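These notes are about the structure you will find just below.
Bear in mind that the values in this text are calculations on the coordinates, not laboratory data. Everything numeric in this text was worked out from a predicted model, so none of it was measured. All Cβ positions, even for glycine, are placed from backbone atoms using ideal geometry, and neighbour counts span all protein chains on display.
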Amino acid sequence: MPRIEDYAIIGDLNTAALVGRNGSIDWMCLPRFDSPACFAALLDTSEAGRWLIAPAGAPGNCTRRRYRPDTLILETEWEVDGGAVRVTDFMPVRDDAVDLVRIVEGLSGEVAMRGEVVLRFDYGRVVPWVRHSKHGISAVAGPDSAYLTTPAPLRGENKHTVSEFTVRAGDRIPFVLRWAPSHEPEPRRIDPFKAFDATDSFWREWIARSEMEGKYKDPVERSLITLKALTYAPTGGIVAAATTSLPEQLGGSRNWDYRFCWLRDATLTLQSLLAAGYTEEAAAWREWLLRAIAGDPSELQIVYGLDGSRRLPEADIPWLSGYENSRPVRTGNAAAPQLQLDVWGEVLDGLSLTRAASPPGTVDTSWDIQVALMEYLEGAWDKPDNGLWEMRGPRRHFTHSKVMAWVAADRMVKAVRTSGLPGPDDRWAALRSGIHADVMRNGFNEELNSFVQSYGSKELDASLLLVPRVGFLPHRHPRVAGTVQAIQERLTEDGLVLRYRTESGHDGLTGHEGVFLACSFWLVDALLGLGRGDQATALFERLLSLRNDVGLLSEEWDPASQRQLGNTPQAFSHFPLIHCALQLHHGEAHGSDTPLQRPKHPERGSGQLPKNAMQSGPGTSHPAPEKRPETSR
């Protein structure tokens, strides 16, 4: 079984496919990210569906691979006895059909090739009925149909479609797989070479809008392309990852479906996109967000479907053995209806950012929704909840949840006082002060000299690194410094940050997990804020070294086996990479009194990036809170 980091992503802004270093596409869901997979070998064996193209008689990893510069087009090369060959994989940005294109190109000499298509609909369970035609094959089962066209020879063999051919220097042999609903006619055939040119142009033109410069330009722009690849273009939603059930512990049961849109990602998404100059994408995400949260504020969910749908029932797929026997394989996500009070803060924080990024005079048409959310939170902030890590154990008073309730009140007060929007700012300011005092009194442990995961506990939590980032306290506050030190000493493995210690069993799950890459980026940010720039840079560059050979990060890292863990590629890992790179590039700490430098072309797109868009409070600066007796030790 390939390692998680052996996979690269290609996509069409509706769905994605994962391509291994061995030339096998082992994961693809059609027609959307959250649709059933037609290639599911990633979570079982090749019999669950895959598409292999590689030199015959020489199975194994390629000699080298890369994305074509500034694109999502993957080039995989083998050098074997007798010659060299390249396979180019891409998905044209979708118009009215789903196309997956693979072009085999002879680079030198003569190479015998073998292709094997194993189509298995419904996550590997359904073998389609296959017919041959003069252009290739068609396959149909239930609601799905697929069409493979190629000039290469095809034959059936043990319910697989096999192609054996020889490629010589200068040859270019295309394969095109198209999908359509089975009740509709076969979609039009595309010219694969024209599709290549159009796809190449699309990505180059898109990344040319990036305003990143300096030492970290390449990793930032690869992360931006990856985030764009995780975008569901019809609605503007961004999925957390392209996969389901890649484990947080090899052989364990912490396996979740990440092919949905989390509200918690909203602020991080908007910060990253706006700071890099992508105002149109930020606007589309904001509109998705507003559609998703419309309705009763008490029914706000933490996660929604690509189109904003609310029902994401969790189910197991028993016929798949799981990645390296990590069971169960899950679809849907039972965390959707959990109470996680921090999301109210995340939503209001994100909308604050987009308000500040809008041109002067823009009317905030979502203000009524924001007021309704705030009014609900006024009566709910002091309830126990499940916390941002979606704990499946008993509800508790999570410190981070309270901090984000403070963020909600803070952003609403500032909206009224700086933007002239109507609202009871004095009442919200009093609430803000009350929440702040409550956290300072109950969320800090004097013995540990650190904020703790929940009131009355002695457990640490990586989310506490966000206390200064959101403006709750200044970076240089002694309680922040103590928390950073405690996390470095007690919540790291091999210098990288865990979300929390799973040994307590409070999360309601068995087993363990790797270090959480986003949390390690949060530590970079915290170190910068404390003026420890050399340590921050060293940690950031170490995190960059954990990317795979084409610049992708999954959710977690296992220091023992030196492997990536969790769903991939993970948006939640790439957001903070962009943020930290921008901070390091500009040489300023997040949340400092001096805002980050404006991008070169603030006039691009539909809005304007505020000077402090990457600061602790999106869209607005955050001075230290008013002094209170309980804020100092």
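Of the peptides 190-200, 409-419, how do they stack up when ordered by the mean number of other Cβ atoms within 10 Å, highest first? Kindly include the intermediate steps, with their values, before the conclusion.
Details: 190-200: 15.7, 409-419: 22.1.
Ranked by mean Cβ neighbours within 10 Å, highest first: 409-419, 190-200.
Kindly state, to the nearest 0.05, the FRET efficiency for ARG427 paired with ALA56, given R0 = 60 Å and r defined as their beta-carbon distance.
On the way: r = 73 Å, r/R0 = 1.22.
Computed FRET efficiency for ARG427 and ALA56: 0.25.
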Subject >> Rg to Rh quotient for region 222-294, alpha carbon positions, Kirkwood Rh >> reply: 1.03
**OP:** Any chance you could run the full-extension gain for ARG66 through GLU213? It's 0.36 nm times the residue separation minus the Cα-Cα distance, nm to one decimal.
**Re:** 50.8 nm
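Rounded, prolate or oblate for region 1-108? Axes are the square roots of the Cα gyration tensor eigenvalues, ordered a ≥ b ≥ c, and the cut-off for rounded is a/c under 1.5.
On the way: a/c = 2.08, a/b = 1.36, b/c = 1.53.
Taking the square roots of the gyration eigenvalues as a ≥ b ≥ c, region 1-108 is oblate.
Return the FRET efficiency for the residue pair MET1, ALA169: r is the Cβ-Cβ distance, R0 is 25 Å, and the value is rounded to the nearest 0.05.
On the way: r = 34 Å, r/R0 = 1.34.
It comes to 0.15.
Work out how much length ARG204 to GLN535 would gain on full extension: take 0.36 nm times their residue separation and subtract the Cα-Cα distance, in nm to one decimal. Don't jump to the answer; show the numbers that get you there.
On the way: separation 331, 0.36 × 331 = 119.16 nm, distance 3.44 nm.
Here the answer is 115.7 nm.
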Subject >> J(HN,Hα) series, region 88-102, from Karplus relation 6.51 cos²θ - 1.76 cosθ + 1.60, nearest Hz, glycine and proline x >> reply: 9, 10, 6, 10, x, 4, 5, 10, 10, 8, 9, 10, 10, 10, 10
Subject >> CD proxy at 222 nm, helix term only [per DSSP H run n ≥ 4: -39500 (n - 2.57); per residue of the chain; nearest 500] >> reply: -9000 deg cm²/dmol
Original post:
Quick one: if the Förster radius is 41 Å, what FRET efficiency do ASP307 and GLU446 give, using the C-beta to C-beta distance and rounding to 0.05?
Top reply: 0.25
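Could you grab the relative contact order for the chain? Cα pairs under 8 Å, six or more apart, rounded to a whole percent. Please list the in-between numbers first.
Details: 1446 pairs, mean separation 82.2, N = 633.
The value is 13 percent.
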**OP:** Note the full-extension length gain between TRP129 and TRP319 as 0.36 nm times their separation in residues minus their Cα-Cα distance, in nm to one decimal.
**Re:** 66.4 nm
**OP:** Calculate, in whole percent, how much of the Cα-Cα pair population of the chain lies beyond 39 Å.
**Re:** 30
